[in-house]
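The values are calculated or read from the model by the stated rules, or taken from the named source; none is laboratory data. If you're wondering where the values come from, they're calculated on a predicted model, not measured in any experiment. Glycine also receives a Cβ, built like all others from the backbone with ideal geometry; neighbour counts cover every protein chain displayed.
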Amino acid sequence: MVSSTGSHQAPERYRREMTVAQIREPGGPDAMEVVFLESARFYRVLKSNPAFNDILKRLRDAAKHGRVLTIELASLESDILENVS
């Protein structure tokens, strides 16, 4: 995306705080499924995501310790986790 000043900006992502309830392995051949306490929706982490291993490690650690994570989605309608922190 190019702003009106001509500089490049990363696309805006939707962020939400969530608590991992379950990680389902496998969520298909190309993804892992994640269920959060705050949502009835099933989310996916694509194995093609360059940060896949880091995201999976953070999800597992948060599930083990009951920690809340900030999840990032491309949009409100998306079920694909782009990143977690």
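Consider the range 68-79 and keep the residues that are at pLDDT 95 or above and either loosely packed, with under 15 Cβ neighbours inside 10 Å or of a type in the set (Lys, Arg) (or both). The one that is farthest from ALA21 (Cα to Cα) is THR70.
Just one residue in the set GLU82, GLU17 is under 12 Å from the mean Cα position of the chain (by Cα) and surrounded by 14 or more Cβ atoms within 10 Å (Cβ to Cβ); that residue is GLU82. Scanning the range 38-53 for residues that are in a strand (DSSP E or B) and over 11 Å from GLU82 (Cα atoms) yields one hit, PHE42. Filter the range 54-85 for residues that are part of a loop (DSSP other than H, G, I, E, B), closer than 19 Å to PHE42 by Cβ and either among the hydroxyl-bearing types (Ser, Thr, Tyr) or touching a strand residue (DSSP E or B) at 6+ places or on another chain (Cβ under 7 Å) (or both) and give the result. Scanning the range 54-85 gives ALA74, SER75, LEU76, SER78, ASP79. Residues in the range 26-77 that are under 10 Å from the mean Cα position of the chain (by Cα) and touching a residue at least 60 places away in the same chain (Cβ under 8 Å): LEU73, ALA74.
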